[in-house]
Amino acid sequence: MKEKVKTFTSKRILGLTATQIIILLVLIVMLFFFSDNSVTKRIRYETQIKNLESQIEFYRQQTNLDKEKLNELQSNKEDLEKFARENYLMKKENEDVFIVD
């Protein structure tokens, strides 16, 4: 019986016994899935980064459109009056405004 136990423990793979290999595998699994820098957290962070980058691009485009609209309104008084009438329901003193939905 002792000979069988010695032959089982004396088998080595890459210079390590079976128990050492099992312990190493458990530690590696713990590092990859249960640590602060785990694979699942990294994937989640990467998706968040992509979402935030797309939001940044959307807001940059929106800012450019708003700047163009502001320049247009500041340069042309007729466009400013039209904008005020359409969005803020403003009117001149002698005008009547009818709202049609």
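Values quoted throughout were computed directly from the atomic coordinates according to the rules given, and no laboratory measurement underlies them. Because the structure is a prediction, the values reported are computed rather than measured. A quick note on method: Cβ atoms are made from the backbone with ideal geometry, for glycine too, and the neighbour counts reach across all protein chains shown.
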Handout entry: Expected 222 nm ellipticity per residue - DSSP helices of 4 or more, -39500 (n - 2.57), all of the chain, to 500
Key = -25000 deg cm²/dmol
Problem - Label point distance in nm, Asp36-Lys50, each placed 7 Å from Cα along Cα→Cβ - result: 2.6 nm
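Hey, with R₀ at 22 Å, roughly what FRET efficiency would Val97 and Tyr59 work out to, going by the Cβ-Cβ distance, to 0.05?
Working: r = 34 Å, r/R0 = 1.55.
Using R0 = 22 Å, I get an efficiency of 0.05.
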Problem - Partner lysines for Lys11 [C-alpha distance under 26 Å; skip if fewer than 8 residues away on the same chain] - result: Lys2
Problem - Cleavage-rule hits, trypsin sites (Lys or Arg not before Pro), the stretch 4-101, DSSP coil, Cβ neighbours within 10 Å at most 16 - result: Lys11, Arg12, Lys91, Lys92
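Sort Asp96, Asp101, Asp66 so that the residue with the fewest other Cβ atoms within 10 Å of its own Cβ comes first and the one with the most comes last. Walk me through the intermediate numbers first.
On the way: Asp96 5, Asp101 2, Asp66 10.
So the ranking, lowest neighbour count to highest, is Asp101, Asp96, Asp66.
Taking 0.36 nm per residue of separation and subtracting the Cα-Cα distance, what length does fully extending Ala84 through Arg12 add? Mind dumping the intermediate values first?
Values: separation 72, 0.36 × 72 = 25.92 nm, distance 8.38 nm.
Stretched fully, the Ala84-Arg12 segment lengthens by 17.5 nm.
Run through the chain and list the GluC sites (Glu not before Pro) located in a DSSP loop whose Cβ has at most 15 other Cβ atoms within 10 Å. Write out the running numbers ahead of the final one.
Numbers: sites: Glu3, Glu46, Glu53, Glu57, Glu68, Glu72, Glu78, Glu81, Glu86, Glu93, Glu95; in loops: Glu93, Glu95.
Those that pass, being in a loop and sparsely packed, are Glu93, Glu95.
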Problem - Two-site label geometry, Leu73 and Leu24: point separation in nm, points 7 Å out along Cα→Cβ - result: 6.8 nm
